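Engineer: Quick one: the structure is below, and I'll ask about it shortly.
The values are calculated or read from the model by the stated rules, or taken from the named source; none is laboratory data. Given the structure is predicted, the values throughout are model-derived calculations rather than measurements. Note that we place each Cβ from the backbone using ideal geometry, even for glycine, and neighbour counts take in every protein chain shown.
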Amino acid sequence: MDKSTILRLLHSALSLGAANVKRRIVRFRQKADYERFLSEWSRFGNSAKLVRHLPSIHGFSLPIAQDLLASSACADIWVENDPLLTVHNTAFKSVSREKGIPWGVQEIKAPLAWSMTTGHRVKVGIIDTGVDFSHPDLKHSLGRGINLLSRGSLPHDDNGHGTHIAGTIAAANQVHGMIGVAPRATVYPVKAFDHNGSAFVSDIVLGIDWCVRNKMDIVNMSFGMKTRSKSLLTAVTNAYNAGVIIVASSGNDGKRKSIDYPARYPQTIAVGATNRLRRIAPFSNRGTFIDVYAPGDKILSSWLRGKYHEMSGTSMATSHVSGAIALLLAHRPGLSPAEIKAVVKRSMLPLRGTKAPRVAGELDVMQMLQTGDRR
């Protein structure tokens, strides 16, 4: 790829007034072309801030006009859309106060494990909308994290979803507030989602990259999309190969044979949602792609401005699984992502109302710890 082609791509990114300009992820067939593009891009300085560098996949996200895509200029690159993903929750309502142990944390038997493990020193990256750093139930559980939308700022939550996820994983306010699954784990908010609960795939790729570089043990991904993305798969595979456990929500469409990405990738642990009756929640996607189910219906957890909300969704189920794996890793450090997934799948309890042997069961922390001890 010659210099003029690279400059055409960069100029395309700067001319957003053109028709049919979509954000796309570009990856180069030749490493030398990637390095040449990187060099030219760096010379543009702030004027090229609409171009996002994705170093872990040797790519860039940038707006490209449709007419440029159809030209020979793109023969030496792979191009895919950089679509929006959304967080996985359905309904929610405000609750005046919460004390003690939420029903989902009780259901998976986490309190029975706390005499053996509380998740101490396990690092959980939450790629989400950020976290309320002032919430009294979270202040002992938070690492600094990163704000990918505003690099100089703390990853403050302007939506609420990320704060809710963090509370289920690691809230720790025994006297006045609620307790999460792994109260001594440390959660690191990675703000990739905006106040609407939306993020580009490129934001997720950057979030995964940050989690790998900062040595997270677990990454919670309570979001998804319907379409496959090679860039997202590459980032997930890189994390898996680096020993990072990725827990992902399956989606809330009530589908019986399909789940969302990235949960559908085999390198993740795909989570469906159950209700208080230990049945699959009606909204939850289900089927053979699900690895484990966990409580996800009417889950009470922390919210913005020190408050509490009840939320439903496979997002909420995923945070229970991330917390449970934190308990297991603190108890049995060094287990690989493949070993963790095997332990989770071998220690599930059968769901109520399901007879098929291939149906995944519900998360059970005590069974997980016992199975982990036998490895």
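Engineer: Select from segment 50-78 the residues that are in contact with a strand residue (DSSP E or B) (Cβ under 9 Å, 6 or more places away or on another chain) and assigned to a helix (DSSP H, G or I) and write down the one among them that is modelled with the highest pLDDT. So that I can check it myself, show each step before the final result.
Structural biologist: Keep residues of segment 50-78 that are in contact with a strand residue (DSSP E or B) (Cβ under 9 Å, 6 or more places away or on another chain), which gives 50-54, 57-66, 69, 74, 76-78.
With assigned to a helix (DSSP H, G or I) added as a condition, the list becomes 57, 66, 69, 74.
Working: 57: 94, 66: 74, 69: 69, 74: 67.
Taking the candidates together, the pick is 57.
Engineer: Okay, next question. Considering only segment 151-207, state which residues are touching a Lys or Arg at 6+ places or on another chain (Cβ under 6 Å) and either free of Cβ contacts under 8 Å to residues at least 60 places away in the same chain or not assigned by TED's automatic domain parsing to the domain that holds residue 308 (or both).
Structural biologist: Scanning segment 151-207 gives a single hit, 155.
Engineer: Any residue at all in segment 223-235 that's of a type in the set (Ser, Thr, Tyr), out of contact with any strand residue (DSSP E or B) (no Cβ under 8 Å at 6 or more places or on another chain), under 30 Å from residue 28 (Cα atoms) and in the same structural domain as residue 90 (by TED's automatic domain parsing)? Before the answer, list the steps.
Structural biologist: First pass over segment 223-235, keeping only residues of a type in the set (Ser, Thr, Tyr): 227, 229, 231, 234.
When the remaining residues are screened for being out of contact with any strand residue (DSSP E or B) (no Cβ under 8 Å at 6 or more places or on another chain), the result is 234.
From the residues that got through so far, the ones that are under 30 Å from residue 28 (Cα atoms) too are 234.
Pick out the ones that are also in the same structural domain as residue 90 (by TED's automatic domain parsing) and you get 234.
Yes, there is a match, as at least one residue in segment 223-235 is of a type in the set (Ser, Thr, Tyr), out of contact with any strand residue (DSSP E or B) (no Cβ under 8 Å at 6 or more places or on another chain), under 30 Å from residue 28 (Cα atoms) and in the same structural domain as residue 90 (by TED's automatic domain parsing).
Engineer: While we're here: Does any residue of segment 170-189 turn out to be over 21 Å from residue 319 (Cβ atoms) and either surrounded by 24 or more Cβ atoms within 10 Å (Cβ to Cβ) or at pLDDT 95 or above (or both)?
Structural biologist: no
Engineer: Restricting the search to segment 92-130, which residues are among the β-branched types (Val, Ile, Thr) and in a strand (DSSP E or B)?
Structural biologist: Within segment 92-130, 95, 124, 126, 127 qualify.
Engineer: Please work out if residue 215 is under 22 Å from residue 118 (Cβ atoms) and basic (Lys, Arg). Full working, then the answer.
Structural biologist: Working: under 22 Å from residue 118 (Cβ atoms): yes; basic (Lys, Arg): yes.
Criteria met by residue 215.
Engineer: Looking only at segment 283-319, which residues are outside any loop (DSSP other than H, G, I, E, B) and either farther than 23 Å from residue 368 by Cα or among the charged types (D, E, K, R) (or both)?
Structural biologist: The first filter runs over segment 283-319 and keeps only residues outside any loop (DSSP other than H, G, I, E, B), leaving 292-295, 299-302, 304-306, 308-311, 314-319.
Matches in segment 283-319: 300, 301, 302, 304, 305, 306, 308, 309, 310, 311.
Engineer: Here's something else I'd like to know. Does residue 24 satisfy the criteria of being under 18 Å from residue 200 (Cβ atoms) and at pLDDT 80 or above? It would help to see each step written out before you state the result.
Structural biologist: Working: under 18 Å from residue 200 (Cβ atoms): yes; at pLDDT 80 or above: yes.
So residue 24 fits the description; yes.
Engineer: For residues in segment 29-49 being at pLDDT 85 or above, of a type outside the set (D, E, K, R) and in a helix (DSSP H, G or I), which is nearest to residue 230 (Cα to Cα)?
Structural biologist: Residue satisfying both the conditions and the ranking: 34.
Engineer: Scanning segment 221-276 for residues that are in a helix (DSSP H, G or I) and among the hydroxyl-bearing types (Ser, Thr, Tyr), which turns out surrounded by the most Cβ atoms within 10 Å (Cβ to Cβ)? Let's see the steps before the verdict.
Structural biologist: Just the residues of segment 221-276 that are in a helix (DSSP H, G or I), to begin with: 230-241.
Filter once more, so that each one left must be among the hydroxyl-bearing types (Ser, Thr, Tyr): 231, 234, 237, 240.
Values: 231: 23, 234: 18, 237: 16, 240: 20.
The qualifying residue surrounded by the most Cβ atoms within 10 Å (Cβ to Cβ) is 231.
Engineer: Please determine whether any residue of segment 339-346 is crowded, with 20+ Cβ neighbours inside 10 Å and more than 15 Å from residue 117 (Cβ to Cβ).
Structural biologist: First, pick out the residues of segment 339-346 that are crowded, with 20+ Cβ neighbours inside 10 Å: 340-341, 343-344.
Then keep just the ones that are more than 15 Å from residue 117 (Cβ to Cβ); that gives 341, 344.
Yes, some residue in segment 339-346 is crowded, with 20+ Cβ neighbours inside 10 Å and more than 15 Å from residue 117 (Cβ to Cβ).
Engineer: Would you confirm, using the coordinates I've provided, whether residue 295 is without any contact (Cβ under 8 Å) to a residue 12 or more places away in the chain and either on the phi > 0 side of the Ramachandran plot or not aromatic (Phe, Trp, Tyr) (or both)?
Structural biologist: On the way: without any contact (Cβ under 8 Å) to a residue 12 or more places away in the chain: no; either on the phi > 0 side of the Ramachandran plot or not aromatic (Phe, Trp, Tyr) (or both): yes.
No: the conditions fail for residue 295.
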